[in-house]
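Written out below as structure tokens is the structure these notes cover.
Throughout, read-outs are computed from the coordinates displayed, never taken from laboratory work. The shown structure was predicted, so the numbers you read here are calculated from the model rather than taken from an experiment. Counting neighbours? That spans all protein chains shown, and the Cβs are built from the backbone with ideal geometry, glycine included.
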Amino acid sequence: MDDITEEYVKAMNDDVIEDDEDYRPGIRDGAGSDLYWQLEAINREKDPIIKAALSIFTANSHIFNNGNKRTAWELADAILGEYGYYIKANEDELVEFSCWVASIEIPDKMSKEELVDKILKWIRVRICKL
């Protein structure tokens, strides 16, 4: 898989919010470096399941003005699909887990590493081959 670029993720975010009433494309003020560093971590990782967990973690950073959770899942799904995997979960599970990930206060409630580990565990019990 080629490196994931900021332009790719920005375009993905724009796609997921294009029909929203609250259409506010772009990166939240001051969050550009968060996107850069998180993409660096995703691109350095070789394991596609860990890449997906790091992608879902981006929902916690609230990088975009809108659509953070949906963009995180789209990115994770694109990565997993590239490697022949998908997450088997219904919409309610995805929404509940996404909201939980986005609501965790780092470092007050847990560290980034602990949250990524919990995301990874959640994925691993739901991962399937295409």
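For region 6-129, list log₁₀ I(q)/I(0) at each q in 0.14 Å⁻¹, using the Debye formula over Cα point scatterers of equal strength and ignoring solvent, two decimals each.
Reported log10 I(q)/I(0), two decimals: -0.56.
Taking neighbour Cβ counts within 10 Å as the exposure measure, how do V125, V9, V16 sort from fewest upward?
Listing V125, V9, V16 from fewest to most nearby Cβ atoms yields V125, V16, V9.
Based on other C-beta atoms within 10 Å, arrange R28, R70, R126 from fewest to most.
R126, R28, R70
³J(HN,Hα) across region 81-98 via Karplus (A = 6.51, B = -1.76, C = 1.60, θ = phi - 60°), whole Hz, x for Gly/Pro?
Each residue of region 81-98 in turn: x, 4, 9, x, 10, 8, 9, 8, 7, 7, 4, 4, 5, 5, 5, 4, 5, 4 Hz.
Hey, what's the Kirkwood Rh for region 69-130 if you take every pair of different alpha carbons, in angstrom? Mind dumping the intermediate values first?
On the way: mean 1/r = 0.0808 Å⁻¹.
Radius from the Kirkwood sum: 12.4 Å.
Determine the alpha carbon to alpha carbon distance for each of K69/K118; K69/K129; K51/K112; K10/K69 and list only those over 19 Å. It would help to have the intermediate numbers written out before the result.
Working: K69/K118 16 Å; K69/K129 23 Å; K51/K112 14 Å; K10/K69 13 Å.
Beyond 19 Å: K69/K129.
Mind listing the long-range amide H neighbours of F64? Cut-off is under 5 Å, sequence gap 5 or more, other chains count too, H placed in the peptide plane at 1.01 Å from N.
Distant-sequence amide H within range of F64: R28.
Neighbour counts of other C-beta atoms within 10 Å: give me Y8, Y36 arranged from fewest to most. Present the calculation step by step, with values, prior to reporting the outcome.
On the way: Y8 14, Y36 11.
The order, fewest Cβ neighbours first, is Y36, Y8.
Expressed in nm to one decimal, what extension gain is obtained for the pair T5 and A78 from 0.36 nm per residue of sequence separation less their Cα-Cα distance?
Answer, rounded to one decimal: 25.0 nm.
Quick one: 3J(HN,Hα) in Hz for region 4-20, Karplus 6.51/-1.76/1.60 with θ = phi - 60°, rounded, Gly and Pro as x.
After applying 6.51 cos²θ - 1.76 cosθ + 1.60, I find 7, 9, 4, 4, 4, 6, 4, 5, 4, 4, 4, 5, 6, 9, 4, 9, 6 Hz.
With charges only on Cβ, +1 for K and R and -1 for D and E, what is the dipole size of the chain about its Cα centre, in debye, rounded to 20?
I would put it at about 660 debye.
Looking at region 1-83, which GluC sites (Glu not before Pro) are in a loop (DSSP not H, G, I, E or B) and have at most 12 other Cβ atoms within 10 Å? Display every interim value, and only then the final one.
Values: sites: E6, E7, E18, E21, E40, E45, E74, E82; in loops: E18, E21, E45.
In loop regions of region 1-83 (DSSP not H, G, I, E or B), the sparsely surrounded GluC sites (Glu not before Pro) are E18, E21.
Tell me, what is the percent relative contact order of the chain, built from C-alpha pairs under 8 Å that lie six or more residues apart?
27 percent
Describe numerically, in nm with one decimal, the distance between label points set 7 Å from Cα along Cα→Cβ at Y36 and at S111.
2.5 nm
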